[in-house]
Amino acid sequence: MSAKQDYDCVVIGAGVQGSFTAYQLAKHNKKTLLLEQFVLPHTRGSSHGQTRIIRRAYEQDIYTQMMGEGYQLWAQLEKEAGVTLYRQTGLLVMGPETSGDYPLVKNTLLKNKVPTVILSRDNFHQHIPNVVLSEGHGALLDVTGGVLFADRALKAVQDQFQKLGGVIQDNEKVTEIKPGPVVKVMTSGGVYQARNVVITAGPWTNKLLAHTGFQLPLETVKINVCYWKEKTPGTYGVKQHFPCFVVTGSLESKEHIYGLPSNEYPDLVKICYHIGSKTDPDYRDLQTDTSDIDILKRYVSRCIPGLVPEPAVVESCMYTLTPDRHFVLDYHPNYSNIVIGAGFSGHGFKFGPVIGKLLCELSLGEVPSFDLSSFKIRRFQSHMKSAL
Ligand SMILES: Cc1cc2nc3c(=O)[nH]c(=O)nc-3n(C[C@H](O)[C@H](O)[C@H](O)COP(=O)(O)OP(=O)(O)OC[C@H]3O[C@@H](n4cnc5c(N)ncnc54)[C@H](O)[C@@H]3O)c2cc1C
Ligand SMILES: O=C(O)[C@@H]1CCCC=N1
């Protein structure tokens, strides 16, 4: 085992959140180490794949407001790295018009003056051909919604971090954390110490937190990432201005479905179900439940008639869910020099640059740029158990 190396901050986990946090710390001239258990790039966590949706359409103001800054920070990274990371397609939101999330999303967009087009049932078809709007559903377009090029973004932020002098050690799993005024981090390849540690370990968060005698109420689920073939190539393509879309749910309709235009694989449209089956991140391939694919097949054949209602490609990914589906952005309850960013609940990618900024602010002891009360650990008081 190599000799101890000292850093101002060690960030554990090089997914989107850890990579942006490390980048922000390096921007603040902190000597920063980013540790990743797998060889980069990898497909075993939550941040891989070519695309993610970016949007301001949310039920809660806080996310819509955070994304106001999010768009600016994505543009800044595009400029710094000289790459395109965002493609504007618009985001189509459909859902029961008077119940569930749709009216909340509509209200948030209008209240926050986000460019929005409300589609009526009469003009829906003219704007969005080849999609059937379900009975009783409303529809709107979050105009600046679109696609983020996820793999490219991860590489860009990690490259920028290294250009700023940051160190990435991949293929190096953290095996132990010894908290204290100086935290000791043991890995499969070395021992490091730092005044501050940030844990951004995605689905493995609780496995790491166990070393600190603490557990969060997190659940990891596997998502089947399905791609559906266009009957006529290009029908739902970015070049045809087909938007990203989200079908919001309600108590009666359990549809929580989202999709992105065909782009990454020729003639294939990515459409996924937002609810997955419980898994262990180290054994996710053993989770073989496909009931989500059955729900998607029925939706595709009913509402997206230009697609073959049988997935042509199925990949996999994981969500790390909190009970209320809001993030965890907070200090460790027992160690103020350990910051936790976790529980991104299947909607965290677009926030990567903002989360990186916020976790960096927490780690530096600065006042965070946004009110983080929705993201505090103490909201789970009744769920939490000590691992001590
Ligand atoms: C199918 C799918 C679709 C999604 N769609 C969207 C979308 O359209 N828009 C959106 O905004 N979000 C979306 N998300 C959510 C978003 O991708 C996640 O919220 C985000 O990627 C979470 O990032 P993370 O950094 O927290 O986790 P991860 O990417 O999992 O990163 C954690 C990292 O920590 C590493 N690690 C863990 N333990 C250790 C250890 N002991 N030592 C060293 N390293 C360790 C892991 O290997 C991993 O690389 C989607 C997610 C999925 C799965
Ligand atoms: O976060 C997103 O935008 C996507 C779409 C809705 C469900 C989850 N991820």
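What the table shows:
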{"item": "Inter-label distance, nm, simple model (7 Å from Cα along the C-beta direction), H383/N112", "result": "2.2"}
{"item": "Potential extension, E97-L286 segment - 0.36 nm per residue separation minus Cα distance", "result": "64.2 nm"}
{"item": "Per-residue Cβ neighbour rank within 10 angstrom, fewest leading, W74, W228", "result": "W74, W228"}
{"item": "Sites S301 and R152 - FRET efficiency at Förster radius 22 Å, r taken between beta-carbons, to 0.05", "result": "0.10"}
{"item": "Footprinting exposure proxy for V354, V132, V167 (fewest neighbouring C-beta atoms within 10 Å first)", "result": "V132, V167, V354"}
{"item": "Environment charge at P333 (Cβ cut-off 11 Å; Lys +1, Arg +1, Asp -1, Glu -1)", "result": "+1"}
{"item": "Mean projection area, nm², convex hull over Cα of the chain", "result": "18.6"}
{"item": "Distance violations [Cα-Cα > 21 Å] among K155/K239; K229/K278; K106/K376; K27/K79", "result": "K155/K239; K229/K278; K106/K376"}
{"item": "Residues in region 287-306 that a label on V132 would reach, taking backbone N under 12 Å of a point 7 Å out along Cα→Cβ", "result": "298-306"}
{"item": "Virtual spin-label span in nm between A75 and E366, 7 Å along Cα→Cβ", "result": "2.1"}
{"item": "Nearest-ten-degree value, helix 16-27 long axis tilted from longest Cα axis of the chain", "result": "50"}
{"item": "0 to 90° range, to nearest 10: angle between helix 61-81 axis and the chain longest Cα axis", "result": "70"}
{"item": "Peptide ranges 152-159, 112-119 listed from the most packed, as the mean C-beta count within 10 angstrom indicates", "result": "152-159, 112-119"}
{"item": "In order through region 189-198: 3J(HN,Hα) via Karplus (6.51 cos²θ - 1.76 cosθ + 1.60), integer Hz, x for Gly, Pro", "result": "x, x, 10, 10, 10, 7, 5, 9, 10, 10"}
{"item": "Residue-count net charge about G348 - beta-carbon cut-off 11 Å; Lys, Arg +1, Asp, Glu -1", "result": "+3"}
{"item": "Packing-based exposure ordering (other Cβ within 10 Å, fewest first) of L91, L321", "result": "L321, L91"}
{"item": "Total formal charge among the other residues, if their Cβ is under 14 angstrom from that of R56, Lys/Arg +1 and Asp/Glu -1", "result": "+1"}
{"item": "Cα pair distances of region 257-388 binned at 10 Å [whole percent]", "result": "10, 31, 29, 20, 10, 1"}
{"item": "Using alpha-carbon coordinates, inclination of helix 291-303 to the longest axis of the chain, degrees", "result": "30"}
{"item": "Rounded Å value of the spacing that divides the Cα centres of region 138-199 and region 330-347", "result": "13"}
{"item": "Region 58-108: proportion of alpha-carbon pairs further apart than 19 angstrom, %", "result": "44"}
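Read-outs: derived from the displayed coordinates by stated rules, not from any lab. Predicted model, so just to flag it, every value in this text is computed and none were measured. A quick note on method: Cβ atoms are made from the backbone with ideal geometry, for glycine too, and the neighbour counts reach across all protein chains shown.
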